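What follows is a short report on a single structure.
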Amino acid sequence: MLGEVLQARLGEMKAALAERGVAITPRRQRLLEVLLASDRHPSVSEIHEGVKRYYPGTSLATIYNTIELLKETDQVLEIEFSGASNRYDGRIPKSHPHLVCEVCEKVEDLDIGELKDPFEDISSSTGYRILRRRVDYYGVCPDCQGNPLASAPSENGGKSGK
């Protein structure tokens, strides 16, 4: 069950969708709950699996369409990865830093406090209108460091295997 903070976040997400005229069906309700319950920043397929446990007939298109609506209403942060599935953060839907394990591909929020936002400095020095930022730190999580079966990434940053 979602805690008090996540229940409040669920309410925000539902209100944003309702404002757009989107009905909160039981499937959409479950999708929001799956998205918020995961601290791993789930992929669409992971969200789909979580919804299908309760609603087996749920299509992948339903998940994609709802994620798109959440993105359009700024209720989810899409974390893009080349060569891997995009992940989604419904808990903190604005740009923020993440820790990414290169072995198990876990994605976690990195709480380093409020950093000075460089958008204005960058905008004035380059002429760009900055829309968003992305700062992620890649490494090997404590669980994978202690697992002798998990292969560590190679020196060049690529995976040496799983």
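Nothing in this text is a laboratory measurement; each read-out follows from the coordinates by a stated rule. Quick caveat: nothing in here was measured; it's all calculated off a predicted structure. Glycine also receives a Cβ, built like all others from the backbone with ideal geometry; neighbour counts cover every protein chain displayed.
Rg/Rh, computed from the Cα trace of the chain with Rh as the Kirkwood radius, has the value 1.01. Among the trypsin sites (Lys or Arg not before Pro) in the stretch 56-150, those placed in a DSSP loop whose Cβ has at most 14 other Cβ atoms within 10 Å are Lys94, Lys116, Arg129, Arg132, Arg133, Arg134. The modelled label-to-label distance between Leu2 and Asn65, using points 7 Å beyond Cα along the C-beta direction, is 2.1 nm. Assuming a ≥ b ≥ c are the square roots of the Cα gyration tensor eigenvalues, decide whether the stretch 1-92 counts as rounded (a/c under 1.5), prolate (otherwise, with a/b larger than b/c) or oblate. Because its axes are fairly even, with a/c under 1.5, the stretch 1-92 counts as rounded. Dipole size of the chain about its Cα centre, with +1 on Lys/Arg Cβ and -1 on Asp/Glu Cβ: approximately 580 debye, rounded to the nearest 20. In order along the stretch 128-133, phi translates into HN-Hα couplings of 6, 9, 6, 9, 7, 9 Hz, rounded to whole numbers, per the Karplus curve 6.51 cos²θ - 1.76 cosθ + 1.60 with θ = phi - 60° and x for Gly and Pro. Label positions at Tyr54 and Asn147, each projected 7 Å from the Cα along the C-beta direction, are separated by 2.8 nm.
The Cβ shell under 14 Å around Thr126 holds other residues with a net charge of 0, Lys and Arg each +1, Asp and Glu each -1. Cβ crowding within 10 Å, taken as a proxy for footprinting-reagent exposure, orders Ile122, Ile112 from fewest neighbours to most as Ile112, Ile122. Only Cα pairs within less than 10 Å get springs; with that Gaussian network setup on the chain, which residue of Gly11, Gly50, Gly127 has the largest fluctuation? Among Gly11, Gly50, Gly127, the largest mean-square fluctuation in the Gaussian network model of the chain belongs to Gly127. Fully extending the segment from Glu19 to Val135, taken as 0.36 nm per residue of separation minus the present Cα-Cα distance, adds 38.7 nm. The GNM of the chain, with springs linking C-alpha atoms under 10 angstrom apart, assigns the highest mean-square fluctuation among Leu149, Leu131, Leu36 to Leu131. What does DSSP give for the chain in terms of the percent of beta bridges that are antiparallel, rounded to the nearest 5? Close to 65 percent. Sparsely packed loop sites in the stretch 42-122 (the chymotrypsin sites (Phe, Trp or Tyr not before Pro) outside DSSP H, G, I, E and B with at most 14 other Cβ atoms within 10 Å) comprise Tyr54, Phe81. If you run the Gaussian network model on the chain, springs between alpha carbon atoms under 10 Å, then out of Asp109, Asp39, Asp121 the most flexible one is Asp121. Counting only GluC sites (Glu not before Pro) that DSSP places in a loop and that have at most 15 other Cβ atoms within 10 Å, the longest clean stretch of the chain runs over 1-79.
For the stretch 3-62, trypsin sites (Lys or Arg not before Pro) are listed when DSSP marks them as loop and at most 16 other Cβ atoms sit within 10 Å of their Cβ; the list is Arg20, Arg40, Arg53.
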